[in-house]
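One structure is given here, and the rest of the page talks about it.
The values are calculated or read from the model by the stated rules, or taken from the named source; none is laboratory data. Values in this document were obtained by computation on a predicted structure and should not be read as measured data. Here Cβ is always computed from backbone atoms with ideal geometry, including for glycine, and neighbour counts include all displayed protein chains.
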Amino acid sequence: MLRIAIQTKGRLNEQSIALMREIGIDVDGAKRKFLSKATNFPIEVLYLRDDDIPQVVANGTATLGIVGMNEVAERGCDVDVVAKLGFGGCRISLAIPKNEEYEGVEYFNGKRIATSYPNILRQFLEECGVKAQLEVISGSVEIAPAAGIADAIFDIVSSGGTLVSNGLKEVERVFESEAVLIASKNLSAEDKALLEELMFRIESERDSRDKKYLLMNIPTASLEEAVKILPAMRSPTVMPLAVDGWCSLHSVVDAADLWDKVRQLKAIGAEGILVITLDKIIA
C-alpha cells in the first residue's frame, strides 16, 4: 500500500485532496486527522507540515509526497521528483523597503536578509558573488525590516499584496515553484506498480486541463481543409449528416488555440460549433 504525505492545511492541502478526488481516489479531507485511508485505492494519506514532507519521504515513512518544489530544494533531501502537478505556483523573491533605490543584486552586499529559506538564498548569493548576513526566522518574515531585524527579506510571493501592505517591493525573483509529486528512492516492486497506475490517472487528468472538445457541422467540400486545421489526437472524427453535402466533425484542440481554430473553421463554412470542457483524456 502507498502512503502519500500532503500538507495538513491550507491551499496546497485543498488542491492535493481535489486532485486525488479528480483521479477517482476517495479520501477523507478532515483537517483534524493525522492519517486517513482511501476507500477505493490502496493508499493512505499522511497529513504533515509542508517542511516535514521531503524528510518523511526520504526516510521511507511515506512512499510519496505532494509538496512545493521550494521545500524540496530547501531541505535537500534525497527524493525523486516524479512530476510537476500544475498547481500551487509561487516564487521566492528578494524584497526591500519600497523607498530604497535598487540597481542590482550588489545592493545586498553587507545587508541583513531575513528568510525561512536560507539554503536556496545562500546558493543564489554565492552564485552572484554577494556576501550578506542571513537572519533565519520562521513566519511573518515580511515584518522583519520594519521591526529592525533585517534590511531586506527573501520570502514566498504569490500576488505581492503582502509585500505592498508591509511597505516592501520585490526586486529579484530567485526561485519559481509549484507543487510536485515526490517519491522515495526505495520503492518496492508493488509500490512502483501502484505509482505507475497513479501517474497514469494524474497524466490523464492533467492532459485534459488545457484541452477543449470541438463539434461542428461543415460542408463536405471543406473537409480536407478542416482536417489540416485540426490536428486532433490521431485524426478528427467525421460523421455524415442526413443533409447531403454536410458532415459532423469532432476534434480535441488546445484551449490556447481555440479561438484561432474557430476563426479558421468559420472561414471555410463551419457552423453550429460546440465547445465542450473535457473531464479526462485517456491516451
If you scan segment 117-149, which residues turn out to be part of a loop (DSSP other than H, G, I, E, B), modelled with pLDDT of 95 or more and within 25 Å of VAL72 (Cβ to Cβ)? TYR117, VAL130, ALA132
Taking VAL164 as meeting all but one of (1) surrounded by fewer than 16 Cβ atoms within 10 Å (Cβ to Cβ); (2) closer than 30 Å to VAL45 by Cα; (3) over 21 Å from the mean Cα position of the chain (by Cα), write down the number of the exception. (2)
Would you confirm whether or not segment 207-220 contains a residue that is outside the structural domain of ARG21 (by TED's automatic domain parsing), crowded, with 18+ Cβ neighbours inside 10 Å, modelled with pLDDT of 95 or more and not aliphatic (A, V, I, L, M)? no
SER159 meets each of (1) under 21 Å from VAL57 (Cβ atoms); (2) assigned to a loop (DSSP other than H, G, I, E, B) with one exception, condition (1)
Any residue that is surrounded by 18 or more Cβ atoms within 10 Å (Cβ to Cβ), farther than 30 Å from VAL82 by Cβ and not β-branched (Val, Ile, Thr) - is there at least one of those in segment 173-188? no
Extreme residue, nearest to ARG49 (Cα to Cα), among residues of segment 21-38 that are out of contact with any Asp or Glu (no Cβ under 8 Å at 6 or more places or on another chain), of a type outside the set (Val, Ile, Thr) and modelled with pLDDT of 85 or more: PHE34
Pairs, please: C-beta under 9 Å, at least 6 apart or cross-chain, first residue touching a residue at least 12 places away in the same chain (Cβ under 8 Å) and not assigned by TED's automatic domain parsing to the domain that holds VAL164 and in segment 131-144, second assigned to a strand (DSSP E or B) and exposed (fewer than 13 other Cβ atoms within 10 Å of the Cβ)? none
Breaking point among (1) free of Cβ contacts under 8 Å to residues at least 60 places away in the same chain; (2) among the charged types (D, E, K, R); (3) farther than 17 Å from PHE154 by Cα; (4) in contact with a Gly (Cβ under 9 Å, 6 or more places away or on another chain), for ASP28: (4)
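For LEU258, indicate whether it is free of Cβ contacts under 8 Å to residues at least 40 places away in the same chain, closer than 27 Å to GLU22 by Cβ, touching a Lys or Arg at 6+ places or on another chain (Cβ under 7 Å) and surrounded by 14 or more Cβ atoms within 10 Å (Cβ to Cβ).
Details: free of Cβ contacts under 8 Å to residues at least 40 places away in the same chain: no; closer than 27 Å to GLU22 by Cβ: yes; touching a Lys or Arg at 6+ places or on another chain (Cβ under 7 Å): yes; surrounded by 14 or more Cβ atoms within 10 Å (Cβ to Cβ): yes.
Judged against the criteria, LEU258 is not a match.
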Mind checking which residues of segment 117-130 are under 24 Å from the mean Cα position of the chain (by Cα) and either among the aliphatic types (A, V, I, L, M) or surrounded by 20 or more Cβ atoms within 10 Å (Cβ to Cβ) (or both)? TYR117, ILE120, LEU121
Among the residues of segment 151-160, write down those that are surrounded by 14 or more Cβ atoms within 10 Å (Cβ to Cβ) and either modelled with pLDDT under 95 or more than 14 Å from ALA132 (Cα to Cα) (or both). ASP155, ILE156, VAL157, GLY160
Qualifying position, being small (Gly, Ala, Ser) and buried (at least 19 other Cβ atoms within 10 Å of the Cβ), among ALA73, ALA95: ALA95
